[in-house]
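Quick note: the coordinates plus some simple rules give every number you see, no bench work behind them. Since this is a predicted model, take the numbers as computed values, not measurements. Here Cβ is always computed from backbone atoms with ideal geometry, including for glycine, and neighbour counts include all displayed protein chains.
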Amino acid sequence: MSVMPIYRLQNVIQPYAWGSTTAIADLLGQPLPSAKPQAEMWMGTHPKGPSKVLVDGDAISLQTLIDQQPEAILGEAVYRQFGGNFPFLFKVLAVASPLSIQAHPNAEQAREGFARENQQGIAMDAPERNYRDENHKPEIICALTPFWALNGFRHPRLAAELLAPVWPSPAAVELTGLKQDRQGHGLRAFFEAVMSLGDEKQAMARILRDKAAALMNTSPVYRWMVKLADAYPGDMGILAPALLNLICLSPGQALYLPAGQLHAYLQGTGIELMANSDNVLRGGLTPKHVALDELLRIVRFEATRVDILAANLVGPAESRFLCPAAEFALGVLEPTPEHPYHAPARRSVEILLCTAGKGVIQLADTGESEICKGDSFLIPANAGSYTIDGDLTLYRAFIG
């Protein structure tokens, strides 16, 4: 089996309405602002946006390349575990306006839901489709800029305390059950009740917004409630900053999100790495389909301790985040002229993305390539050892 070269990636940019007109364009050295919002840059093989590589002058799908030599590209262990499937999806996320409140299924829920919707004859591109593949979707998000997010439920009593000053009296839903929550039952009942409100939710949302506006200077919780109310009038998802943990990641900090954890990304640019899936159950702050019953089935209604992750130094130019996912791991490479990065000869497939600086990447047998900000590369498992020299920052997606 011949040693394979490094492949420079050509990636799909998803133009979702919540995206930025500057963040991804700036990363890629494109004219500013972009003609339309650029929300996500995808690096991987997902059918919705597969990367391409150049082979003998032709641009072919990364999946096609893998199909030709799966074990050489993925590595023996990854090939045994995942077959010829690329196990992760690597993204740049550019959040200019808030994303929906959402959660992702675990592996068993994804398989069952995908089979059920297939049996029901729901088209794969139908708006009401919840499960677009059989995979679960654990993910990690690492901030490139200050990054605001919601992640997991607060303790119910703390959520009730934050909501009390803005809660209408009388209201269609009372806070009593939330205050007296036992083992998540009150949290679930409250969430289901407010998300199921009918015609009265419009008036209630306006009252919540006006009361929160009077408290904006006291807490970012109320500032974000007002921002969400202005972006999504009449949507009870505006309660999310009080119900969920509100976090602002500093550049270089990360969050890991397991299956069933309710979350939303609000603002900022980050690196996102996940299992190769597009299964999303939405719960508000969106004009898209909201399947409340399905969301209630997969969400874990329990207080969540937020663990903000920092990368741990594992070598002179390499750091890694602790991450329990089987499909991926995230690292940061920061080579300098004094301390270049030397990759081990034995490893699995990797994708590298340069976010700052410039340098060169060199393979022992196939020469070197320049690396600049915005460049991304697939490094096959059998490419052997490589060296990165220069003064630059790269994010490394691999299988831990």
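Observations, loosely collected:
- Debye, to nearest 20: dipole size of region 166-257, +1 on Lys, Arg Cβ, -1 on Asp, Glu Cβ: 220 debye
- Averaged over residues, the count of other Cβ atoms within 10 Å places the peptides 129-141, 332-344 in the sequence 129-141, 332-344, highest first.
- Between 0 and 90 degrees, the angle of helix 107-119 with respect to the longest Cα principal axis of the chain falls at about 80 degrees.
- Simple point charges give the picture: +1 on the Cβ of Lys and Arg, -1 on the Cβ of Asp and Glu, and for the chain a dipole about the Cα centre of about 1120 debye.
- For the chain, the Kirkwood estimate of hydrodynamic radius, built from reciprocal distances between every pair of different alpha carbons, is 22.4 Å.
- Inter-probe distance in nm under a simple model that places probes 7 Å from Cα toward Cβ, at Gln81 and Arg116: 2.9 nm
- Volume per residue of the convex hull around the Cα atoms, evaluated for region 180-273, comes out as 138 Å³.
- Peptides 231-244, 211-224, 10-23 ranked from most to least packed give 231-244, 10-23, 211-224, packing being the mean of other C-beta atoms within 10 angstrom over each peptide's residues.
- For region 319-398, radius of gyration divided by Kirkwood radius, i.e. Rg to Rh on alpha-carbons: 0.94
- Relative to one another, the C-alpha centroids of region 188-247 and region 258-323 are positioned 21 Å apart.
- Multiplying the residue separation of Asp391 and Thr336 by 0.36 nm and removing their Cα-Cα distance gives an extension gain of 19.4 nm.
- Approximating the spin labels as points 7 Å out from Cα along Cα→Cβ, the Val360-to-Ala17 distance works out to 4.9 nm.
- Fraction of the pair-distance distribution of region 154-205 above 16 Å, Cα-Cα pairs, percent: 37 percent
- Cα radius of gyration and Dmax for region 53-130 (Å): 17.2, 44
- For a label point 7 Å along the Cα-to-beta-carbon line of Leu292, residues of region 227-242 with backbone N under 15 Å: 234-240
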